[in-house]
Structure formats: C-alpha cells, structure tokens
Amino acid sequence: MKLPQNLKRLLAMIKPYRKRTALAVAGMAITASTEPTVAYLLKELLDKGFVGKMNFSPWLVPLFLVGLFVIRGASTFMTTYMMTWTTSRLQNDLRRALHARLLDVPLAFYSSHSSGKVLNAMMYETQQMIDMIKNVITSLIRDSLTALGLFGALLWFNWKLTLITLVLIPTTAFVVRKTGKRLQKLNQGYLALNGEMTQVLEETMRAQQVIKIFGGHAYEKGRFEQRADKLRNYMMKMASTFAATVPITQFIAACALSVVIVIALLQAQAGESTVGGFAAFITAMLMLLTPLKRIAEVNGPLQRGLAAADEVFGMIDAQIERENGKVLRTRAQGAIEFVNVQFRYPDQEQAALSGIDLAIRPGETVAFVGMSGGGKSTLVNLVPGFYSVSGGEIRLDGEPIENIALSSLRGQVAMVSQHVVLFDDTVAANIAYGDANADRTRIEAAARAAHLDEVIAKLPQGMNTMIGDNGNRLSGGQRQRLAIARAIYKDAPVLILDEATSALDTESERAVQAALEGLMQGRTTLVIAHRLSTIERADRIVVLAEGRIAEIGSHAELLAKNGVYANLYHLQFAGQD
C-alpha cells in the first residue's frame with residue numbers, strides 16, 4: 001500500500017529519534033510474542049495436566065505465568081515511555097516549525113488565514129497528528145505482530161482450521177478500505193468547522209466590551225451554537241461510519257468461529273485433535289479477534305491524523321517573505337523615493353495605489369491625509385516591505401528596497417500605529433522589544449522622552465511590572481506612550497507614525513507631541529493623521545484620493561489652494577465647532 005505523502009513526511013521527522021523508536025518497537029514485539037505463549041500453556045495444561053498424566057511440578061505454572069506477565073508489563077512500559085518521549089519531541093518539532101513559518105510569512109497570509117484557523121492548527125491539529133503516531137502506528141505495529149504470532153500458533157495447532165480463519169483478514173481489509181474514504185472527507189470538514197469555532201471563541205474573548213455595550217450576547221450565542229451543532233453532526237457522522245466497521249468485523253468473525261467449532265467437533269470424533277489442542281486453538285482464535293478489532297478501529301484516528309497533517313504541513317509550506325537582498329552596513333540617511341508606484345491587493349480588481357511619484361528628503365516630515373480608503377496606510381506599509389509593489393519601485397537612499405534584505409530594511413524603520421500591539425511582559429521588555437542586549441539606560445531615557453516616567457514610578461515593580469495581555473493593565477494613553485517609547489528606543493532613521501496620538505487625552509497629547517517633535521528631528525518621518533491639527537507643522541502634506549496623489553504642499557500652501565485639503569480642513573473644524 002502506498003503511504004500518503006504527508007504521512008511519509010511525518011514519519012521521516014522521527015529519524016532523529018530512531019534509537020528510542022526502535023526500543024519502543026522492540027517492546028511491542030516482546031509484548032506481541034507473549035500472546036501465543038498463553039494459548040500454548042493452556043494446551044499443555046489440558047493435555048498433560050488434566051487429561052493425561054502430569055509430568056511437571058504444578059508450581060511451575062504460577063512461576064511461568066508471573067514471569068510471563070512481568071516480562072509483558074516491562075515491555076509495555078518501555079513501549080509507552082519511549083513512544084511518549086518520541087511523540088512529545090515530534091510535537092514540539094512540528095509546533096516549532098509551524099511557529100517559525102508563521103513569523104516568516106508575509107502579511108497577506110493572515111488575510112486568508114483567520115487567527116482561529118492558525119491557533120487550531122498549532123494546538124489541536126498537531127495533537128491529532130501525534131495521536132495518529134502514538135496510537136494508530138503503535139497499534140498497527142503491535143497488533144500486526146500479535147496477529148502474526150497468533151496466526152502462526154493457529155497453524156501449528158491445527159492448520160486445517162486455520163484456513164477457515166483466513167476469511168477474517170481480507171474481509172477486514174475490505175471494510176476498512178470502504179470506510180476510509182468517507183472518514184477522510186468527514187474529517188476534513190470537521191477540522192474546518194473546528195477552526196471556525198476556535199475563531200468564534202477567540203473573537204468572543206477579544207471583543208467583550210463591544211459585546212456587552214452593544215448587547216451582542218444573543219448574536220454570539222447563535223454563532224457559537226450554530227457551529228457547535230454542525231460540529232456535533234460531523235462527529236455523529238464520523239462515529240456512525242467508524243462504529244459500523246466493528247460490528248461488521250465481529251459478525252464475520254462470529255461466522256468463522258461457528259464453522260470452526262463444527263469442524264473441530266468432527267475432527268475430535270475422528271480422533272484427529274485433542275481437547276487441549278482444540279481449547280488452545282479456540283483461545284488463540286478469540287485472542288486474534290482483539291488485535292484485528294483494534295486494527296479495524298485505527299481507520300478513524302488515522303484519517304483524522306492525515307487530514308490534520310494536510311492542514312499543518314500546508315501552513316508549514318506556505319510561501320515566506322523574500323530572503324534575498326543586501327545587508328546595509330551603515331545607518332541610512334533616510335531619503336525615500338516613490339517612482340510610479342502601483343499596488344493591488346491579492347484578489348482585488350481595483351488598484352489600491354496608482355502612479356505614486358514622490359521624493360522625500362532625509363529628515364523631512366511628510367504627512368499623508370485623505371478620506372478613509374484613499375491609500376494612506378497602504379502607501380506607508382510598502383516602505384518596510386510589508387507588501388511588494390505591483391509596479392514601479394520604492395528607493396531608500398537611491399537603492400530599490402527590493403534589493404535590500406528585509407531584516408536590514410526594517411532595521412532602518414520604527415513604527416507607531418493607532419492599533420497598539422504590546423506583549424504580556426514587563427514595561428522594560430516592551431520598550432526594548434527586539435533588542436537581545438537591552439540597554440537599561442536607553443530604556444529609561446526612552447520612557448522619559450515618551451513622558452512615561454511618572455506612570456512607571458506608580459507601578460508596583462516599576463520597569464519590571466508585567467503589563468498583561470496587550471497591556472490591558474495600562475490605560476489607552478499609557479499603552480500608546482509605551483509604543484512611542486519603543487520607537488524612541490529603536491532610534492531608527494525612518495519613522496512611521498500612524499495616528500500615533502489617537503488614544504491620548506489632551507494633556508497627554510501635548511506632552512507626547514512635544515516628545516515626538518524631538519524624536520522627529522533629523523529623521524525622515526511619515527505621518528498618517530486624521531486630525532489635521534496634528535500635522536500643521538509638517539514640512540509637506542500629501543493628499544491622497546482613490547489611490548492617487550491629489551495635492552502636495554505645506555499646510556498654508558494647501559489652504560491657499562482651496563482644494564481637497566482645504567475642504568477636508570474646513571469640514572473637520574466646522575464639525576468641531
């Protein structure tokens with residue numbers, strides 16, 4: 001039988017642990033070899049101990065049995081321990097490979113893969129793969145060896161009766177094959193629904209404030225219950241398909257056993273078999289049903305594991321960001337040029353940016369404004385290479401950024417977004433994020449520059465205070481200032497500010513605006529702002545409309561033009577009045 005490609009790949013990952021795997025297989029072989037021994041002992045006891053004259057000490061029987069089960073227990077323990085050791089390492093390898101790939105994929109990956117689907121693959125589907133290895137593969141090896149040993153014993157006890165039992169093997173294989181395809185299809189649907197449910201749970205936990213304030217309880221319950229019911233239906237379909245294989249196999253075995261008993265009685269009447277031989281044969285045959293049953297039952301978990309392997313390896317094989325480009329050995333000056341830049345998001349017909357031509361001088365502050373959807377965030381996200389341009393090119397100090405290694409390019413850029421992202425770590429670790437050799441003096445200076453020093457002084461452990469999931473132990477303004485401190489600490493020549501003061505109160509905004517003005521000195525700064533009052537002192541303002549540059553100029557120049565910017569400005573301040 002040809003093994004599926006992903007199963008071969010998974011088994012290949014066990015190679016570094018082949019010694020312990022070999023010990024586990026050896027334990028399975030020892031355990032399997034003890035099964036026929038029990039049937040043989042029964043034959044000897046009946047023929048030489050009960051029917052014939054006993055020619056051995058009766059005390060040898062308990063000694064033999066105890067020794068046999070001590071060996072069996074030790075081999076079973078060795079199999080379980082070694083398989084658990086190997087599969088736990090294998091699971092870590094899978095999760096590490098998946099996590100590493102998730103760090104290297106482009107942002108577009110997360111547009112087509114929800115967080116629920118990714119989390120489901122990382123936690124649940126890797127576990128399904130490990131269960132397949134630990135339970136299914138173990139069962140196949142151990143039970144196949146056991147069945148082989150018992151079949152050999154049956155041939156030795158009575159080869160004529162054994163031929164009748166051969167009907168079990170092809171029939172069992174036929175049943176397994178018939179149910180396998182249906183189970184595989186059902187498992188793929190089950191995994192997809194499980195990912196959707198994980199996504200619903202993740203959104204429920206993340207959006208508690210929105211759910212409560214807008215009364216979304218009934219809606220969220222409906223979403224969850226709908227997916228839970230679908231998941232249950234899939235589980236029932238899988239259970240019914242899987243459960244049908246066992247009674248069918250047992251029915252075939254019962255038919256074979258009935259015929260065997262009739263023929264064995266005829267043989268006994270003809271003097272062709274003994275009581276011990278018949279009892280041993282029946283015992284071995286009944287013992288053979290158990291491993292055959294387990295082999296028939298592995299189809300369900302096997303198909304679940306294969307479906308999970310398709311999902312996990314599909315993510316591990318996802319296209320990563322480009323790895324080519326030269327490393328910048330010196331600090332960039334910060335000159336940025338957009339040369340006829342075109343950009344279209346995947347699966348979108350309309351271009352997000354068209355014909356962008358813009359030259360930004362080193363140290364210049366350029367603000368981007370316009371209506372929502374005009375392309376402001378898209379444009380600045382092209383600078384650190386989050387997306388690749390569809391046409392034209394972007395240059396840093398005259399060098400096309402496509403020729404620069406991404407890690408080197410991003411090392412020249414600091415960014416503060418309106419969507420603050422913090423980590424469940426200390427204040428200091430969040431400020432110095434990404435620096436393996438954090439400088440405490442620089443951390444404290446960055447905190448002071450972002451006007452965080454007074455906030456930090458009030459925290460229980462100061463700089464060493466854990467801030468919780470995404471900084472939920474801090475206020476919105478404090479979280480924003482912490483993100484600004486992180487940008488200050490990085491001290492990059494290019495600075496991107498995407499609504500960096502949006503979450504601040506008036507007093508904090510003044511303080512942080514002053515800190516930002518100090519930070520922006522000598523740095524090329526790209527600012528996205530919806531509140532036009534925050535960018536009046538920018539060197540130039542670029543007005544974007546429908547992915548194109550509509551106007552460029554200073555605040556005063558654009559107001560004098562009485563064009564798009566002036567219209568936006570007057571509308572905003574008229575709304576405030």
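Every number in this text was worked out from the coordinates using simple rules, so none of it is lab data. Being a predicted model, the structure only gives us computed values, none of them experimental. A quick note on method: Cβ atoms are made from the backbone with ideal geometry, for glycine too, and the neighbour counts reach across all protein chains shown.
Annotations
- For the chain, share of DSSP beta bridges that run antiparallel, in % to the nearest 5: 50
- Under 16 Å from the Cα of residue 185 - aspartates and glutamates, other chains or at least 8 residues apart: 125, 310, 311
- Selected from 476, 420, 387, residue furthest toward positive end of dipole (the stretch 379-498; charges at beta carbon): 476
- Fewest-first ranking of 444, 125, 311, 349, using other Cβ atoms within 10 Å as the exposure measure: 349, 444, 311, 125
- Cross-link pairs beyond the 23 Å C-alpha cut-off, checked among 15/293; 230/293; 8/230; 117/230: 15/293; 230/293; 8/230
- Ellipticity at 222 nm from helices only: DSSP H runs of n ≥ 4 in the chain, each -39500 (n - 2.57), divided by the residue count, give -19500 deg cm²/dmol.
- Reach of residue 19 by Cα under 18 Å, taken over aspartates and glutamates that are not fewer than 8 positions away in the same chain: 93
- Net dipole in debye of the chain [+1 Lys, Arg Cβ; -1 Asp, Glu Cβ; about Cα centre; nearest 20]: 2580
- Orientation-averaged projected area, Cα convex hull of the chain (nm²): 36.8
- Proximal aspartates and glutamates to residue 237, defined as alpha-carbon separation beneath 12 angstrom and excluding residues fewer than eight positions away on the same chain: none
- Packing-based exposure ordering (other Cβ within 10 Å, fewest first) of 179, 465: 465, 179
- At least 30 Å along the helix axis (C-alpha) and Kyte average at least -0.5, DSSP helices within the chain: 18-44, 60-104, 168-206, 217-269, 275-297
- Annotation: the residues 539, 317, sorted from fewest to most other C-beta atoms within 10 Å of their own C-beta, follow the order 317, 539.
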